[in-house]
Amino acid sequence: MAKKKRKAKPALNDVLIIAKQNKAGIRMARKLERMLKPHVQSIHFDRSTALRLRQRGLSVRRFDGDLVITVGGDGTLLWTAHQTHLPILPVKIEGHGFLCTCTFKELTENLQRLLRGDYQIVEKMRLQCYKETRSIFHKILHKPYPPAFNEIVFGRKRPSKILKMEFNIDGTIMDFSGDGLLVSTPTGSTAYNASVGGPVIDPDIDAMSIVALNPFFSRIKPKVVPSSKKIEVLVREGECALIIDGHGGDYVRENTKFIIEKGPPLKVVHLVHKNFYEKYRNEFLR
């Protein structure tokens with residue numbers, strides 16, 4: 001279950017702004033800087049945004065201030081989540097932006113609340129994926145990938161070839177052939193997971209969804225399992241790509257084994273309260 005409503009810092013002194021790399025994103029990043037400048041001691045931009053603003057940028061990974069603000073949509077948030085451990089306020093300026101917790105207008109209307117620390121930080125579940133390898137001394141090693149906020153996907157690299165895969169839960173192996181395998185968080189359950197017939201999971205439920213992608217002559221169905229479970233995945237045959245949140249990834253050889261388990265949470269700032277089901281209805285059912 002997401003850990004809710006931990007009190008934030010009493011004030012903001014050091015902020016990093018990350019913008020979607022288009023005209024709207026850069027324009028709103030500049031506007032946000034003007035809004036914050038009279039009140040915040042230090043305002044930084046990531047290197048890509050700073051370059052377009054003709055300023056000096058800062059590495060997202062090295063920033064160790066109070067808050068990161070993303071200005072864009074879900075993609076901007078997902079990219080940023082791979083780079084930082086700090087609380088993120090995701091601000092929507094266009095598109096669905098379902099993962100964003102406020103719009104730019106709502107941020108403007110509640111700016112004073114943000115400045116005095118009157119907001120909530122919610123720890124949202126992420127998934128950690130490890131690739132199993134062996135050292136020259138035949139010791140089993142586990143290489144970690146960036147934690148996934150939305151989903152981990154094993155997909156076929158070549159459209160004309162299917163994958164033979166299996167996953168293991170509590171010692172029970174389930175195998176199939178098809179397009180691949182998707183494991184998602186409750187947050188990611190409304191994204192790719194929902195598109196391929198997986199269940200939408202209430203964000204207050206600490207669980208993950210497992211969906212076989214277009215299984216060939218198989219009765220295997222989507223599954224929801226507790227986040228305490230450890231899932232072992234084996235790519236038995238076929239050329240496979242591992243994709244994490246649409247940003248990170250790897251190309252996978254045959255007979256490569258992976259372990260997926262609950263990872264470190266992502267700290268997401270909520271400035272205004274929004275009902276999950278109402279938001280889902282408004283975004284996807286109208």
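The values are calculated or read from the model by the stated rules, or taken from the named source; none is laboratory data. Predicted model only: the values in this text are computed from it and were never measured. All Cβ positions, glycine included, derive from the backbone under ideal geometry; neighbour counts span all protein chains shown.
For the range 204-226, residues that are out of contact with any helix residue (DSSP H, G or I) (no Cβ under 7 Å at 6 or more places or on another chain) and crowded, with 18+ Cβ neighbours inside 10 Å total 7. If the condition is being in contact with a Pro (Cβ under 9 Å, 6 or more places away or on another chain) and of a type in the set (G, A, S), then the range 72-126 contributes G72, G73, A81, G97, G117. Scanning the range 193-214 for residues being touching a Gly at 6+ places or on another chain (Cβ under 8 Å) and at pLDDT below 95 gives a total of 1. Is it the case that the range 239-257 has a residue that's part of a loop (DSSP other than H, G, I, E, B), outside the structural domain of Q120 (by TED's automatic domain parsing) and crowded, with 20+ Cβ neighbours inside 10 Å? Among the residues of the range 239-257, at least one is part of a loop (DSSP other than H, G, I, E, B), outside the structural domain of Q120 (by TED's automatic domain parsing) and crowded, with 20+ Cβ neighbours inside 10 Å, which makes the answer yes. Checking the stated criteria, F284 turns out not to satisfy the condition of being among the aromatic types (F, W, Y) and in contact with a Gly (Cβ under 7 Å, 6 or more places away or on another chain).
For every residue, the table says whether it meets (1) closer than 23 Å to K124 by Cβ; (2) outside the structural domain of V252 (by TED's automatic domain parsing); (3) of a type in the set (S, T, Y); (4) surrounded by 15 or more Cβ atoms within 10 Å (Cβ to Cβ).
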residue	(1), (2), (3), (4)
F149	yes, no, no, yes
F167	no, no, no, yes
G171	no, no, no, no
G180	no, no, no, yes
P199	yes, no, no, yes
D202	yes, no, no, no
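Do any helices (runs of 4 or more DSSP H) entirely within the range 1-105 hold 3 or more residues that are surrounded by fewer than 18 Cβ atoms within 10 Å (Cβ to Cβ), and if so, which?
23-36, 47-53
Of everything listed in (1) more than 21 Å from Y280 (Cβ to Cβ); (2) in contact with a strand residue (DSSP E or B) (Cβ under 7 Å, 6 or more places away or on another chain); (3) at pLDDT 95 or above, the single unmet condition for Y119 is (3).
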